[in-house]
Amino acid sequence: MKNLRLLLCGLPLVLTGCSTLSNVHWSAAAPWNWFGSSLEVTENGLGDITADTPLKEEAIADALGDDYRLRSGMKTQSGAVVRYFEALKNDKLAVVINGENDKVSRIDALDNDIATDSGVKIGTPFSDLYDKAYGACKKALDDDSDGVECQAPGSHHVSYVFTGEWRGPEGLMPSDDALKKWTLHKIVWRR
């Protein structure tokens, strides 16, 4: 009789097919995630922060949760004044959220506890993700000009900024041999 009950409980899952289950993140069912879990960067954004999230302190604070303290600021970018939010965790910069047209347009994740949905975290070596920079990476710009930005494999919205030591000419990409020793400094999501 017990086997029949299990069969009846599991039958709907089997009948609905694998396509229904493909969007389920089974790692969320792990016991260490039952009482809250770290944020995750996906194609849609960071946790509940997406391109549809209003660039308002209350909306961002609600989406980030209680682990982060927000502060806002303004800066000039390409001749325009833009508003941004910085999320601090234990008084350390963890997330920077930029916006355009009152919506979130870019998220920079620097928190060691934040990972991508494929498990990539801050500190991951370049060589774990790429064999060479050609075709995936370019010299990073603006605040990240000391780094190299690489498109995340299979992603249209996520990229990785790697930093490390290199004594070559300023403005040029480091060699692949030098990049192998670099590590992930920042995960970037763009709308």
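Using the Stokes-Einstein relation with a Kirkwood hydrodynamic radius computed over Cα pairs, the translational diffusion coefficient of the stretch 61-191 at 4 °C and a viscosity of 1.567 mPa s comes to 83 µm²/s.
For the stretch 79-149, the gyration tensor built on C-alpha atoms gives an oblate shape. Its axis ratio a/c (a ≥ b ≥ c) is at least 1.5, and a/b is not larger than b/c. Amide H to amide H distances under 5 Å link His185 with Gly123, Val161, Phe162, Thr163, where only residues 5 or more positions off or on other chains count and H is placed in the peptide plane. The 1.4 Å probe gives accessible areas that order Tyr134, Tyr160, largest first, as Tyr134, Tyr160. Checking every one of the trypsin sites (Lys or Arg not before Pro) in the stretch 99-179 against DSSP loop status and a limit of 15 other Cβ atoms within 10 Å picks out Lys132, Arg167. Legend: distances between Cα atoms for Lys103/Lys138; Lys138/Lys181; Lys92/Lys181; Lys75/Lys181; Lys92/Lys138; pairs beyond 23 Å are Lys103/Lys138; Lys92/Lys181; Lys75/Lys181; Lys92/Lys138.
The values are calculated or read from the model by the stated rules, or taken from the named source; none is laboratory data. A quick note: this is a predicted structure, and the numbers were derived from the prediction, not measured. Methodologically, a virtual Cβ is constructed for each residue, glycine included, from the backbone with ideal geometry; neighbour enumeration extends over all protein chains shown. Only protein heavy atoms, including side chains, enter the accessible area calculation; ligands, DNA and RNA are left aside. Shrake-Rupley method; radii C 1.70, N 1.55, O 1.52, S 1.80 Å.
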